[in-house]
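Read the figures in this text as sums done on the coordinates, not as results from a lab. Bear in mind the structure is a predicted one, so any value in this text is a computation, not a measurement. No Cβ is skipped: glycine too gets one built from the backbone with ideal geometry, and neighbour counts run over all protein chains shown.
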Amino acid sequence: MHNMILVGKITPKTGGMEMNRRLKHIITQIFILVLIFSINLNVYALDGIWHNPTGWDDLYGGKEVGTEPCERYPRDPIAGENVYIKSKTWPIELGQAVWVTWKKNGVEQPVVNAQWKYNDGYDSYWEANLGSFAKGDVVEYTVHADHYGQNRKSTDTYSFVVTGWDSVKDVISFTNYNNRVEFTCSSESGTLNPKISFSFPGSGYFRMQFEPLGNGTFSGGLANYTVDSSNPAYVLINGPDIKLKVFKTPYKLEVYDANNNLLTTEYDRSQGRSLAFLTNGTNYVSKIEENLYTPADETFSGFGMRYNAINQRGKNVDIYTVNWYLDQDNKTYLPVPFYISNKNYGIFLNSTYYSQFRLATDASDKATIRVNAGGYTNTNLDMYFFSGTPKEISVKYTDVVGKPEIPPVWAFGPWISANEWNKQSEVEEQIAKTLQYDIPTSAMVVEAWADEETFYIWGDAQYTPRDANWIPTMSDFTFGGRWPNPKGFIDYAHANNIKVLLWQLPVIKSSSNPIPQLATDEAYALQQGYVLGDGKGGAYRMAPGWYGNSVLPDFTNPAAAQWYLNKRRYLLEEMGIDGFKCDGGEFVWGRNITSFGGIKGDELRNLYPDLYINAYYDFAKTYNADSVIFSRAGGALAGQHPISWSGDQRSSFSAYRDAMRACITASMSGVPFVTWDLAGFNGDIPSTELYKRSVAQAAFSPIMQLHSESGGDPYPSVARTPWNMYERTGDIDCINIYRKFANMRMSLIPYLYNEAKYTNATGVPMMRSMAYEFPDDAVAETMEFQYMLGGNLLVAPIENEGQTSKLIYLPEGEWIDLFWGAKRPGESFITYYAGLDTIPVFVRAGSVLPMNLNSDYDFGGSVGNDTTSYKNLTFRIYPSGQTNYDWYDYVDKVQRSLSVNENYAASQITINAPVMNRTCTLQVFSGKPGAVKFGNTAISSFNDLAAFKAASSGWYYDAQQHLTYIKVPASTSSAIILENVHEVPYEAEYATLNGVDVNTNHAGYEGTGFVDNFAQAGKSVEFEIHAPANMVYTLDIRYSAGTENATRNLYVNGEIHSTVDLPKTADWDTWGTVTKSITLNKGKNTIRLSYDSGNKAGINLDNITVRKN
């Protein structure tokens, strides 16, 4: 007997009134008919039963997709786990019963009755407990329901395979195939003989392929390795710049670099599993895992876009692409199964199945890499192990997955976008605003351009619907309404050097009342099999939610992709757009989804965004070589379709920090051209503080762009443009600060594009965490919110609300403040004050920064948005030893070289600049030279910038910035020599000041000011300076003493050195120099001038210079 649902009790009413006999008879007959009718309804009051064993195969539920309440739990049972079959019936009625009939290993089992759990809406929910099972059991089951024993309904018959953990035990034998080494092993269960293959695709890394069932085909690699089996305990494989030691009994792998340093090792078998798998014991594998030993100080970084931390140690990292709207935390649109360890190795898991990296969470010394397998197919583990520094690992990793594609030059300028811009007049107004406010803008993304049905036809366009093979042309449309002349808009944008991208989504939209063209397209796509299948012979339809019930184009099918994309061809070919913003793609839910390419849903989920976006990228490049695809979702191939943004984020400082992390970790994962919607895109406008901080940071990131979420016609506007921020808040600095940093961005494009070329060639990202760039510096590793932008700039954004100063760590070497010219020694902390119009940025000594400045050499001044020419090509040079700088000239499309030889000991700097077909300027960070020569010929010097600008050649010294300007005419081939030149001084105004002030009220000072009020005992000025070597240096002290002779005590590295005599100067506007000989250590040193007891007289202190002898 089956359980029945009891939801209430019906009590019929009776009446006692008198009525005549005939009336009684009629009423009785009616009552009998009603009773019979009601009983008949109850007999058939079961409309259906539903059970969906694996639901949507969702991982998180919630904002992702509603978790199916009628699943099997667990979806994939492991031996010993109780299995629950959940289902629902409808409508809610008395007398329903649900039960499960089932077989185990082909043998009928007793019926299991389901228990009613709850009612919700129109449905009753049930649960049947089948109990637990043993490894290898195969269970088939069907869920049934009836109502009072009648109107029986049943689901399809489903099945599951019960698995259990097994693992590699001992090595039985090995075979050297000359391009790989294969090991045959025993398993702990004794029933299988797994195989492991090691090959060397390149120098310094190896590929490990593991087949638990002993089947499959393995890939070969290089032949330049040797195998040493002389020791009976292990086999030693000496690969190119990497070594493997494979122990036999029990099996265990150890990995060494070329110098025999242990990089990583599999987990101790006495403590737990190492190389293991979930299997039925014969022919089925559902998961595979590799377990590695991890020391307590090991870090793990990468994994695609990660919002919650750069170092993921102590976390379970899911490789699972998901559309997680706001507050991503540990979820991501762009997961990559790759990490870099601070132990000089990295790992790439070559799989698009769901995987999880469990990093010291199960045990403090164990890192587990666990990946789903395909059951009866795709049962192998495929991993690459890379050795070296983070940069070396990036080079090797991108040799495997592909070097990042480089965006065109224009993509490195500022972008603007707002979802509310839904008509031509509005987008043209935005372009006009860029001109009105002199805001350089290189790209505009238009989201609300289409008809919201086909997404290839402009909104309000009139046309005659065509058959599904229609490839639209402009002549097919009569434009009007919101978009009367879209080609005219695009031409207007191009005329103002602004590129145009249009929004896309990979769907054929489901609509309750589709327009005829959409209905035709959908019917054709279904008939041709151009969409993903549901595994039951029909089309897969998206889960409820954003564009729910839509079908997805099958990008594994070349014909389907071509058909779908051809409808957008006229946008590129005739209208001349410059690319697409490819939103979404995280839409594949369910393991049984099918595709033309034979890839099923469980493997396709993480892969689909890359397939979709790469298809768009290749298509767009066919018609416009300088086009761009701008996307949010992806995986290991996301670097092949630049550019990526970090998804949907709040306008908050917390989201700002999350976005910085996500951009850094994506960059480390082979996805280097990244950005975020600066200041966030969600809700109302951000605070002006967040806006200004975000603008500054975005200017010093790989890509700079803004966007806002709200569509339609919100009033007031929530666009993040600087003019709308000003109109909404009245804060004119929203415009002034954005303009300044947007111009800085445009000025830096020669540097940024050159760094992008390097990234494209090597795989080394533009945006690098401190741990990545300085792997041997344990302090740098902890500085999460500062990063390198390319090889030369250290960027330390202000990341907290209300913050005006920041503790910054400068690694080894010497660093120069990009804006103020202050020199700072490395391996030290500094506290940096930054108002809302500034951002801390430091240049590494020895750097060259190619820049496009305006005619006034004003970094941050108006420079325009033209990326096809240079306004004033300038090379800012920070000499230190020997520098060789390769630079790509994107205007002339040629590679050029520049070398700098700093020889301060001989008072000389020699520069070999590239021979150019245009005049360029060098800005050399140096003391004032005695002369500048082209070869043996001295060139003219100028005392003011105006005269220098007017001249065709010559030099000028800016004492405030400590820059020697040198104008180099076209075709100059001679070496450029600065003679009688010394190091840049350390300015007193940037030193640590005790009791003194900074002033500018006397002429002749250098830098931005001088120290005064240095006139009483107890006051001091302490400099932190960098010395390139342990040696004796000359110290110059520049001061004024307008009243009388003065003295100060000199301390070097905390020890008294001497008392310095400072003779009276003619007046306070006259500056003198005294010299001392001091011994310094290599690296950071301190020099302090102190007014101690016994010292006398007031002085003004301008700077000190430390010179090589």
Could you estimate the translational diffusion coefficient of region 986-1108 from the Stokes-Einstein equation, with Rh from the Kirkwood formula over C-alpha pairs, at 4 °C and 1.567 mPa s, in whole µm²/s?
91
Stretch gain in nm, segment Arg152-Asp170, where the contour uses 0.36 nm per residue and the Cα spacing is subtracted:
1.0 nm
What FRET efficiency do you get for Phe819 and Asp491 if R0 is 30 Å and r is their Cβ-Cβ distance, rounded to the nearest 0.05?
0.20
For a Förster distance of 30 Å, can you work out the FRET efficiency between the beta-carbons of Asp626 and Ala946, rounded to the nearest 0.05?
0.20
Zone reached by a paramagnetic label modelled 7 Å from Asp476 Cα along Cα→Cβ, restricted to region 512-549 with backbone N below 16 Å, covers 515-525
Below 25 Å Cα-Cα, how many Lys pairs turn up in region 1015-1098? Only count pairs eight or more apart in sequence, or on different chains, if you could.
8
Cut-off 18 Å, label 7 Å out along Cα→Cβ of Arg466, residues of region 495-538 by amide N
515-525
Which order, highest average first, do 129-141, 573-585, 627-639 follow once you tally other Cβ atoms within 10 Å for each residue and take the mean per peptide?
627-639, 573-585, 129-141
Restricting attention to the alpha-carbon atoms of the chain, what are Rg (one decimal) and Dmax (integer), both in Å?
35.7, 137
With 0.36 nm assigned to each residue of separation and the Cα-Cα distance removed, Asp120 to Asp1092 gains 341.6 nm
Within straight cross-link reach of Lys88, meaning Cα distance under 28 Å, which lysines are found once same-chain residues fewer than 8 apart are removed?
Lys9, Lys63, Lys103, Lys104, Lys117, Lys153, Lys536, Lys600
Cα pair distances exceeding 24 angstrom across region 48-161, given as percent
25
More than 24 Å apart: what percent of Cα pairs in region 872-984 qualify?
18
Label-point separation, Asn1109 to Ser132 (7 Å along Cα→Cβ), nm
8.0
Square roots of 5 times each gyration tensor eigenvalue, C-alpha, region 673-712, largest first, Å
18, 13, 5
Between the modelled labels at Lys871 and Arg728 (7 Å from Cα along Cα→Cβ) the distance in nm is 2.8
Using 26 Å as the Cα-Cα cut-off, could you pick out the over-long pairs in Lys169/Lys243; Lys86/Lys366; Lys423/Lys871?
Lys86/Lys366; Lys423/Lys871
Find the centroid of the Cα atoms in region 162-186 and in region 580-635, then give the distance between the two in whole Å.
36
Give the long-range amide H neighbours of Ile416: residues separated by 5 or more places, or on another chain, with amide H under 5 Å away, using H modelled in the peptide plane at 1.01 Å from N.
Ala443, Met444, Val445, Leu706
Which of the lysines could a cross-linker bridge to Lys391, judged by Cα under 17 Å and excluding same-chain residues fewer than eight apart?
Lys343, Lys403, Lys757
Check: the chain dipole with +1 on Lys, Arg Cβ and -1 on Asp, Glu Cβ, in debye:
1520
Summing -39500 (n - 2.57) over every DSSP H run of at least 4 in the chain, dividing by its residue total and rounding to the nearest 500, the 222 nm mean residue ellipticity is -5000 deg cm²/dmol
Among the aspartates and glutamates, select those whose C-alpha is under 15 Å from the C-alpha of Lys245, and discard any that sit fewer than 8 residues away in the same chain.
Asp170, Glu182, Asp228, Glu254, Asp257, Glu266, Asp268
How much length, in nm to one decimal, is gained on full extension between Val1032 and Gln882, taken as 0.36 nm per residue of separation minus their Cα-Cα distance?
51.9 nm
Förster-model FRET efficiency, 22 Å R0, Val998 and Ser1058, C-beta, rounded to 0.05:
0.25
Using the Cα gyration tensor of region 380-512, with a ≥ b ≥ c the square roots of its eigenvalues, what is the shape: rounded (a/c below 1.5), prolate (a/b larger than b/c) or oblate (neither)?
oblate
Label point distance in nm, Asn513-Gln562, each placed 7 Å from Cα along Cα→Cβ:
3.8
Sorting check: for 233-243, 71-81, which peptide has the highest mean count of neighbouring beta carbons within 10 Å, and how do the rest follow?
233-243, 71-81
Using the count of nearby Cβ atoms within 10 Å as a rough guide to exposure, how do Cys70, Cys185 rank from fewest to most?
Cys70, Cys185
